[in-house]
Amino acid sequence: MVIPAAVVLFLVGVGIGAADDPAATEKTADAKAAPSATVTATATVTATPAPSVTETVTASPEPAPTVTKTRTVRVTVPPVAEDDDSSGGSGSGGGGAATYYANCSAARAAGAAPVHAGEPGYGRHLDRDGDGVGCE
């Protein structure tokens, strides 16, 4: 598109320059009219449409609220009779007999974790690696 437009401008400029030259006008007046080839260049500019932007919004449903039910379980263990000291302690590995935690979650909920050997609530079932500290 640019090259044909430049050629047209060049030819127009040459024609204007030739029209101002008196020697050229005399030659043209003396010359007989003869058919000649004419070159015509047409430049067409077509506007390109701007790209359209389409935004898609997808509504997602709200997640359903989660209902959590908390249940507090209290376990009471009857006190152990301390008649005989030769039994070697309780089967739980020592600790207070009045406090018992069924698992580490119960000990954490009571604020007692970690439970050390000799403390109330310590039991071997809370001490996985047997190092004397339960619910680590």
>> At 0.36 nm per residue, and after removing the present C-alpha to C-alpha distance, how many nm does the segment from Asp129 to Thr56 gain when stretched out fully?
In response: 20.6 nm
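What full-extension length gain, to one decimal in nm, is calculated for Glu119 and Ala64 as 0.36 nm per residue of separation minus the Cα-Cα distance?
Details: separation 55, 0.36 × 55 = 19.80 nm, distance 4.41 nm.
Roughly 15.4 nm would be gained on extension.
Any read-out appearing in this document is the output of simple, stated calculations on the displayed coordinates, not a laboratory observation. Note that the coordinates shown come from a computational prediction; the quantities given were computed from them, not determined experimentally.
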